[in-house]
Amino acid sequence: MIPSIDPALANPPPGFHPLRHGGNFNMLAGPFFYRATKTSFVTGFRILDHHLNPANVMHGGMSVVFADMTLGLGMSVKCGVHIFMPTVNLTTDFLSGGKAGAWIEGDAKLIRRTRGMVFAETVLTADGEPFLRCSGVMKIPAGNAMAFDRDALFPELKTVGYEAEYAVPA
């Protein structure tokens, strides 16, 4: 069993709740958080010592991990598709480095959605300043093999009355 890091050590800003998804990898990489309102879903985390590279800035791989999670999870929630969407392409541009202790946020934006694919982008910020631009393509799998219970994973979405921003009407 891999020990997780206490989310309280990350000292998230008000309104952010611990993400309850993923297994061992996310436990090591995080802790990750989200904030939901009726009209928004934003992800975040604090750069801690285990996220740093030898230059004492956030490791580029960690930046990409968080951008990928922001796009995939953000689009699942925002599109009302309660299924894990694997990434098929991810492109990133590093604008600067995230410093130790900085609060990182990402807000996924839909570019285009088809029956089987979602095209999205985000700009990650470190203490409000852009530091990474990312675009990605996620596959919407057929069937329910990778489905998740949105209300169990993100109970605050129901509490705030969140409505999927990019949901396709039934």
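The values are calculated or read from the model by the stated rules, or taken from the named source; none is laboratory data. Here the structure is a predicted model, which means the values were calculated and not measured. For neighbour counting, all protein chains shown are included, and Cβ atoms are generated from backbone atoms with ideal geometry for every residue, glycine included. Note: accessible area is taken over every heavy atom of the protein model, side chains too, but ligands, DNA and RNA are not part of it. Shrake-Rupley method; radii C 1.70, N 1.55, O 1.52, S 1.80 Å.
Of all residues in region 19-44, those satisfying the criterion of being over 18 Å from residue 84 (Cα atoms) and open to solvent by 20 Å² or more (accessible area, probe 1.4 Å) are 28, 35, 37, 38, 39, 40.
Condition first: under 13 Å from the mean Cα position of the chain (by Cα) and either hydrophobic (A, V, I, L, M, F, W, C) or under 20 Å from residue 52 (Cβ atoms) (or both). Now tell me which residues in region 99-133 satisfy that. Across region 99-133, the qualifying residues are 104, 105, 106, 108, 120, 123, 124, 125.
Report whether or not residue 149 is in contact (Cβ under 8 Å) with a residue 60 or more places away in the chain, open to solvent by 60 Å² or more (accessible area, probe 1.4 Å) and either of a type in the set (Lys, Arg) or under 23 Å from residue 39 (Cα atoms) (or both). Here the answer is yes, as residue 149 does meet what is asked. Applying the criterion of at least 2 residues that are touching a residue at least 40 places away in the same chain (Cβ under 8 Å), aliphatic (A, V, I, L, M) and surrounded by fewer than 17 Cβ atoms within 10 Å (Cβ to Cβ) to the strands (runs of 3 or more DSSP E) found wholly in region 45-136 leaves 87-94.
Restricting attention to region 152-165, the residues being open to solvent by 50 Å² or more (accessible area, probe 1.4 Å) and either among the β-branched types (Val, Ile, Thr) or in contact with a helix residue (DSSP H, G or I) (Cβ under 7 Å, 6 or more places away or on another chain) (or both) number 4.
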